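What follows draws every value from the coordinates through simple rules; no lab data is involved. What you see is a predicted model; the values in this text were computed from it and never measured. No Cβ is skipped: glycine too gets one built from the backbone with ideal geometry, and neighbour counts run over all protein chains shown.
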Amino acid sequence: MSQQFGIEDLKRILREGAGGGSALEADILDTTFVDLGYDSLALLETGSRIGREYGLEFEDSALVDIDTPRDLVRVVNAHLLGH
């Protein structure tokens with residue numbers, strides 16, 4: 001069975017890990033994490049939470065160039081597919 005990671009999964013994990021409130025209610029796919037109020041530490045924590053929940057391991061460097069939720073969803077799905 002193939003899992004897929006979507007924006008609603010990311011929003012849930014962001015809320016659980018770092019909060020985010022009403023900023024996550026809008027269409028955030030192309031809004032930078034900085035504009036959403038998430039710093040690099042929050043992004044690393046988010047990657048860690050995603051990894052635990054989906055059974056993935058990310059190198060810290062895999063998350064360095066991620067600027068938007070769309071980028072993160074793409075990276076997670078690539079890992080889920082084994083790429």
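Listed values, structure above:
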item: D35 surrounded by fewer than 16 Cβ atoms within 10 Å (Cβ to Cβ) and either in contact with a Cys (Cβ under 8 Å, 6 or more places away or on another chain) or in contact (Cβ under 8 Å) with a residue 24 or more places away in the chain (or both); result: no
item: Residue list for region 67-76, restricted to those being crowded, with 16+ Cβ neighbours inside 10 Å and either part of a helix (DSSP H, G or I) or of a type in the set (F, W, Y) (or both); result: P69, D71, L72, V73, V75, V76
item: Number of the exception - E57 against (1) assigned to a helix (DSSP H, G or I); (2) surrounded by fewer than 16 Cβ atoms within 10 Å (Cβ to Cβ); (3) not hydrophobic (A, V, I, L, M, F, W, C); result: (1)
